[in-house]
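Asks: For reference, the structure I am asking about is given below.
The values are calculated or read from the model by the stated rules, or taken from the named source; none is laboratory data. Owing to the predicted nature of the structure, the values given are computational and were not obtained by experimental measurement. A quick note on method: Cβ atoms are made from the backbone with ideal geometry, for glycine too, and the neighbour counts reach across all protein chains shown.
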């Protein structure tokens, strides 16, 4: 089952708004408007600009997939089209917080 299908299923079964992604630019929207592009850069643990093809494939396809809290990069593809990062619990599929990507870049630069 796809992530979007899981979110849709939980949307009908639960009333908690935190199950749905909330775009920091547009607010809460239907789950079908969003797409996840994977781990956010601070969680990925690698810089894609310095990896060769083999190392890049290893980083993308042979990484652990532990359950729990994860920083992820999301796009409001069928809405404003802007990206954001979110802290999501993959066990319960609950979004705890979301913020614009530009905010995340500023935080990374400050460290």
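Asks: For the range 62-75, name all the residues that are loosely packed, with under 12 Cβ neighbours inside 10 Å and within 15 Å of residue 36 (Cβ to Cβ).
Replies: Selection gives 65 alone.
Asks: If you don't mind, there's one more thing I want to ask. Quick test for you: out of 78, 88, pick the one residue that is surrounded by 11 or more Cβ atoms within 10 Å (Cβ to Cβ), modelled with pLDDT of 85 or more and not in a loop (DSSP other than H, G, I, E, B).
Replies: Sole residue among the options that is surrounded by 11 or more Cβ atoms within 10 Å (Cβ to Cβ), modelled with pLDDT of 85 or more and not in a loop (DSSP other than H, G, I, E, B): 88.
Asks: Go through 25, 70 for me and flag whichever is at pLDDT 85 or above and outside any loop (DSSP other than H, G, I, E, B).
Replies: Selected residue: 70, the only one of 25, 70 that is at pLDDT 85 or above and outside any loop (DSSP other than H, G, I, E, B).
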